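Heads up: the structure comes next, in structure tokens.
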Amino acid sequence: MINSQYFEIPDFCSLTRQCEPNCPCNGCLTTFAECGPNLGTTTNPISKTPTCECHDICVEEVVLIGNSGEFTKCIAYPPVGRCRVQCNGEFNFPTLTVGEHFQVVLWCADEIIDPGCNSITVSIGLVVIGPCSPGQNPLIIPLPNFTVPFPSIKFFRFPECTQLGPLELRDEITTIDGSCILAQFNAVATTPNQITITGKVIDKLWRTENLWVEGIRPFELNDNAVANGFSSFTVKGIFDPSRQIGGCVDFCV
């Protein structure tokens, strides 16, 4: 083991080692052994058998989690009168069946820190789609954006699970770099003239941190692959609004 007092390295981090019975990497090593071939570890070039190692990573670490609590929104149906729809011939909206479920699609989510810096407002945009029947086009209902407030007391420190006081978010937010919004919704016809949406929004506030963790490299080239000239690349990308990641352009156009 490395003497951590000289290098400020935690004792659980060794340079390289196979895991003992209670090693934190055991779950990953088991997955590598059992599912690795399905994921491509035995496809040429073959990955080397990994060891549990200490990794120095810069990541988005969640430090505050806010829970909106369960909420409900009701939509009048149909959304407009049928006479407002310009269509060849007579138009009628599909009839709702009570208990019928609709698909909910999130098309936007953002948030702003309120002027007093002690609460956050999350904006959500949804589209409700359905009912879906064979041979028929589904009904698509874009909903007006709605907001979900997150006052200071809705946030808990992670992993301590201590609740913020009414005025504590103002201080905590000075060290926050960004957020991750988790939105979960369900839509069901509760009457022939109403669609009810229920769900919750979880707001995760993170800051960029340097962490030491134990893990494995599942797709590291083995010695034979390196000797045969294989190179390995990992590319991280973020989907843009058109659901594309960057663009590859030919050198010769």
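Brief remarks follow.
- Enumeration of residues in segment 25-54 that are touching a residue at least 60 places away in the same chain (Cβ under 8 Å), in contact with a Gly (Cβ under 8 Å, 6 or more places away or on another chain) and not in a helix (DSSP H, G or I): Cys25, Ser47, Cys52, Glu53
- Hits in segment 195-253 (condition: among the acidic types (Asp, Glu), under 30 Å from Gly69 (Cα atoms) and at pLDDT below 70): Asp240
- Segment 103-136, residues that are surrounded by 15 or more Cβ atoms within 10 Å (Cβ to Cβ), touching a residue at least 40 places away in the same chain (Cβ under 8 Å) and small (Gly, Ala, Ser): Ala109, Ser119, Gly130
- In segment 34-70, the residues that are out of contact with any strand residue (DSSP E or B) (no Cβ under 7 Å at 6 or more places or on another chain) and either among the hydrophobic types (A, V, I, L, M, F, W, C) or under 30 Å from Asn145 (Cα atoms) (or both): Cys35, Leu39, Ile46
- The strands (runs of 3 or more DSSP E) falling completely within segment 137-232 that include 2 or more residues that are out of contact with any Ser or Thr (no Cβ under 7 Å at 6 or more places or on another chain) and surrounded by 15 or more Cβ atoms within 10 Å (Cβ to Cβ) map to 139-142, 178-191, 194-215.
- Whether a residue is closer than 15 Å to Ile124 by Cβ and either in contact (Cβ under 8 Å) with a residue 12 or more places away in the chain or touching a Leu at 6+ places or on another chain (Cβ under 8 Å) (or both) was assessed, and Gln194 does not pass this test.
- Screening the candidates Ile140, Ile173, Ile153, Ile129 for the property of being in contact with a Phe, Trp or Tyr (Cβ under 7 Å, 6 or more places away or on another chain) and of a type outside the set (Phe, Trp, Tyr) yields one hit, Ile129.
- Only one of the listed residues (Ala183, Ala189) is touching an Asp or Glu at 6+ places or on another chain (Cβ under 8 Å) and either under 19 Å from Phe71 (Cβ atoms) or modelled with pLDDT under 90 (or both). That residue is Ala189.
- Scanning segment 1-53 for residues that are of a type in the set (Lys, Arg) and either modelled with pLDDT of 50 or more or within 29 Å of the chain's Cα centre (by Cα) (or both) yields a count of 1.
The values are calculated or read from the model by the stated rules, or taken from the named source; none is laboratory data. Bear in mind that the values here come from a model prediction, so they are computed numbers and not experimental data. Note that each Cβ is placed from the backbone with ideal geometry, even for glycine, and that neighbours are counted across all protein chains shown.
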